[in-house]
Structure formats: structure tokens, C-alpha cells
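*Asks:* Just passing along the structure, written as C-alpha cells.
The values are calculated or read from the model by the stated rules, or taken from the named source; none is laboratory data. As the structure is a prediction and not an experimental result, all values here were calculated from the model. Ideal geometry is used to build each Cβ from the backbone, glycine not excepted, and the neighbour counts take in all protein chains shown. Just so you know, the surface numbers come from the protein's heavy atoms only, side chains and all, with ligands and any DNA or RNA stripped out. Shrake-Rupley method; radii C 1.70, N 1.55, O 1.52, S 1.80 Å.
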Amino acid sequence: KNKNGVIDRDEARGPLADNFAEMDCDKSGTLDGGEIRGFFTGEECPKITVTSTAAAATKKRKSDSSGRRIRSVRVDSVIMEPLSQTYPVIGRLVARQMGDVAARINGAVIAISVSVGDRVKKGDLIATLATEKLSAQRDKYAAVRSTRRAMVDTARAEFSKKAQELRRMKKLRRSSAFSRARYEDLERDVESRKATTTERLSQLKEAQAELKRATIDIKNGRIRAPYDGVVSEKHTEVGSYVNLGARVVTLINDTEIEVEADVPSDRLLALEPGVQLRFKLGDGSTNRAVVRSVIPRENVRTRTRPVRFTPRFDKKIRHFAVNQNVTVFVPIGKVRQVMTVHKDAIVYTGGKPSVRIIRRGKAFPRPVKLGDAVANRYIVLAGLKQDDVVVTHGNETLPPGAVVRILSGPAPNAKRSR
């Protein structure tokens, strides 16, 4: 009666009055649509035992500063999307990352850390190869590097000594103690020591490179996943010997998925990169996708070309199967842009459709004029504009101007009457 969107105790009649305390799950002294529906559908009401202080705190959390109750809702945006007649084409899901993980060195397999069906993350250990011989080579190259470094130090010291002698001899050019032959010998000695130093530096770099290669080989003895995925096949076992490039496991990234379909050549005119369309999974769910590329390769027998689509699933991580069948609805004819709203946002009052639109944290009713249904959305003919935010869950009992809190996460799968 007081238009506050809930039933107060003095407003309750019949079964609501008889079972008011049991139905009032949050002990707020009022009944909302969720509490009434939960009671009559047999959902269990959590038992809440609170002191007067706790009850006041609960009431405060559910109300704004003016004492009005805050409603929890889920929302969706009004969007513009292309619409045209469509032609169904059977396609499949393909992984953007799939292939064999190969050995980078030769060696015996001493451990395998995964089995077929295991899910791995990038960098996880898959297999380990024997690296004792490589470790010995690394120690050898480390010793050679130390020796070559000492040889470089010796060559530099000898070069410095001869260069100093040559500078002293230059200072004696105008004196009787200057010897032309000795001066020329020192010049040749300096050039020789310089060449020796250069040679020793080259030998040191060679030793350093050998040591680095041995270190890399030891690291490659631990074969790791190059990306997130699922192990679909194992190609070796403990005790086997693998050569460079031999397959160890096959890995499929089942979260980075694309849609591929062989589309008849005469249906390609509307499929330009960036065009949006719809596809349906085997479970009946409809999703959107965007044309990524039309592959310039035609099948001479079927006169079709492969087209790759980038699907737009919800944010929830979903795992699919490679080659899973899908139905792609390829647009034909002229494409027009239409504005659509989610079906769950529509509330019928007296047979007339309306929505609850969000403005500055509050929900207000808005009558709308609807067109045809497009999958799980309606075409909007009047009453809304692009990017308007409307309530999709919790909108049945929202009074005008109700303060709302927007929930995130997937919406519950509740069937609603129209």
C-alpha cells in the first residue's frame, strides 16, 4: 500500500501473515519478492540469529543514508548490433595454440611429470632428461674459461710492458743512447704482443660461448610447457631415448579458441573483417563472434573457403573441445544496425513492456517499444538508447527510485514467467 516495493508486516494477509516470521529471512520486518518466491518454491531459508546491535548493523548495510533499502541487481547494456537474414553453416572450434612439445637436446628420459588429460600452465615441468654428461661438459668449459682468462691477463701484461719500453725509447731519440735497431725491434714486439692479446681474447670468448651453450643444454634438459593447455597425447616414456626435435607430448590450449567454418564462396560478400554475427554451440547456447579473416584458399570440390571467427564468450573461463561442432549464422543480403536489449530486462505491467533503467545508482521504470526477438534479446524500437544500463535480475519488485547495488558474476538460471 505504501508503494515501497516490499510487503510490511501490517500489509501481509493470508499465508503471508501466517508465515511472516519464517519467510522474513533477513529479519528486516519486510518481505521482498525473493523471500516470498523462495518460501513457496521450497528453498531453504537460512536461520539468522542476531542481537539487537547486529540486527541494526544488518539493517544499515541494506539501507542507504536516508534509510531506504538497497536492492541487489544484475544489469546489462543496450547495444547496437548488425541484423540481417542468415544462412546456417556448420563449423568447428579450433585452438589457436596446439602442437607437439619437442625435445631441444638428445638424452634419456628419466622422468615424466604429466599424464594424458592433465592441465598445465605455462612453465610447468613436463619431462626431465638425463644431464650428467652435460654437467661434466659445463664444468670442463668453466675450467677452460678460467684458463683462457688467465692467458688474457698475461698477454695484456706483456703488451703493457713492451709498450712502456717503446715509449721510453721514443724519449731517447735525440740522445746518443738511442738505438734505431732497438727501437724497431720494440715496435715489432709491441705489435706481436697486441696480436697475441687479441688472439687470447678470442679464445676467451670461445670458451665463454661453450660454457653458455652447455648451461642452456642443461636447462633444456627440463622440458616445460610453452603455454597453458591440456596434454592430449604422450609420445615417450621413462627410459626412452629422445633425439633433438623428438615429440614428447601434444599440448592443446583449450581456452584460446577460434571458430572456423567453410563458407560457400557466394556467401562471402558480407564477411569482412570486423563483421559481427552469431553462432550456436551444441548445448543450444548462442554467442557472438567477429570475422577475423577469410582465408584465400578455395576447395575446388565444395567451392568453399575457410573463414576464421573470434568468439566473444563471457568472462567465465570455459574449456572447449577441438573440432567441437558449432552452427555459424552467416549474414546474407543487406546488413542493418539495430539496437537490442536483453530479454530478462523486460517486465510486463498490464501487458505493456517496460524496463528498469539505472540512473546515478537508482532504478527507474521506462516503457519501451519492442520489435522482433533476436536470440536472447529484443530489438528496441523506442524508449532506450545505446549504452543505457538496464536491470536484468531483481527487476520484478523494484519500486521507482530504488537504490541499487550492481552484482557481478554469472546470473542464476531461473526461469521467469512473462
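*Asks:* When residues of the range 107-129 are filtered for being aliphatic (A, V, I, L, M) and either open to solvent by less than 30 Å² (accessible area, probe 1.4 Å) or part of a helix (DSSP H, G or I) (or both), how many remain?
*Replies:* Total satisfying the criteria: 6.
*Asks:* Next question, about the same structure. Name the residues in the range 293-310 that are crowded, with 16+ Cβ neighbours inside 10 Å and either of a type in the set (Lys, Arg) or in contact with a Cys (Cβ under 6 Å, 6 or more places away or on another chain) (or both), would you?
*Replies:* Passing the criteria: 305, 308.
*Asks:* Look through the range 380-397, keep the residues that are over 31 Å from the mean Cα position of the chain (by Cα) and among the β-branched types (Val, Ile, Thr), and return whichever of them is least open to solvent (accessible area, probe 1.4 Å).
*Replies:* Filtering the range 380-397 for residues that are over 31 Å from the mean Cα position of the chain (by Cα) and among the β-branched types (Val, Ile, Thr), the one least open to solvent (accessible area, probe 1.4 Å) comes out as 380.
*Asks:* Of the residues in the range 12-53, how many are charged (D, E, K, R), under 27 Å from residue 74 (Cβ atoms) and modelled with pLDDT of 80 or more?
*Replies:* The total comes to 2.
*Asks:* Whether any residue in the range 271-288 is over 26 Å from residue 377 (Cα atoms), open to solvent by 60 Å² or more (accessible area, probe 1.4 Å) and in a loop (DSSP other than H, G, I, E, B) is what I want to check.
*Replies:* Within the range 271-288 (the criterion being over 26 Å from residue 377 (Cα atoms), open to solvent by 60 Å² or more (accessible area, probe 1.4 Å) and in a loop (DSSP other than H, G, I, E, B)), the answer is no, since none of the residues qualifies.
*Asks:* I'd like the full set of residues that are open to solvent by less than 60 Å² (accessible area, probe 1.4 Å), in a strand (DSSP E or B) and either without any contact (Cβ under 8 Å) to a residue 12 or more places away in the chain or within 30 Å of residue 256 (Cα to Cα) (or both), limited to the range 336-354.
*Replies:* The answer is 338, 339, 340, 341, 342.
*Asks:* Something else about it: Within the range 355-367, does at least one residue satisfy the condition of being in a strand (DSSP E or B), in contact with a Leu (Cβ under 9 Å, 6 or more places away or on another chain), of a type in the set (Gly, Ala, Ser) and open to solvent by less than 80 Å² (accessible area, probe 1.4 Å)?
*Replies:* Within the range 355-367, one or more residues are in a strand (DSSP E or B), in contact with a Leu (Cβ under 9 Å, 6 or more places away or on another chain), of a type in the set (Gly, Ala, Ser) and open to solvent by less than 80 Å² (accessible area, probe 1.4 Å).
*Asks:* Given the residues 206, 184, 210, 132, which is the only one that is on the phi < 0 side of the Ramachandran plot, loosely packed, with under 13 Cβ neighbours inside 10 Å and at pLDDT 90 or above?
*Replies:* When all the criteria are applied, what remains is 132.
*Asks:* Same structure again: Any residue at all in the range 170-180 that is at pLDDT 90 or above and of a type outside the set (A, V, I, L, M)?
*Replies:* no
*Asks:* Mind listing whichever residues of the range 130-149 are part of a helix (DSSP H, G or I) and either more than 30 Å from residue 201 (Cβ to Cβ) or of a type in the set (D, E, K, R) (or both)?
*Replies:* 132, 133, 138, 139, 140, 145, 148, 149
*Asks:* Quick one: which residue in 127, 142 is in contact (Cβ under 8 Å) with a residue 60 or more places away in the chain and in contact with a helix residue (DSSP H, G or I) (Cβ under 7 Å, 6 or more places away or on another chain)?
*Replies:* Every option except 142 fails the conditions.
*Asks:* Among the candidates 249, 242, single out the residue that is within 25 Å of residue 127 (Cβ to Cβ), touching an Asp or Glu at 6+ places or on another chain (Cβ under 9 Å) and either open to solvent by 70 Å² or more (accessible area, probe 1.4 Å) or touching a residue at least 60 places away in the same chain (Cβ under 8 Å) (or both).
*Replies:* Just one listed residue meets the conditions, 249.
*Asks:* For residues that are at pLDDT 90 or above and within 13 Å of residue 73 (Cβ to Cβ), tally how many sit in the range 344-361.
*Replies:* Count: 7.
*Asks:* State which residue is nearest to residue 281 (Cα to Cα) when the search covers only the range 360-398 and only residues that are of a type in the set (A, V, I, L, M) and free of Cβ contacts under 8 Å to residues at least 40 places away in the same chain.
*Replies:* That would be 373.
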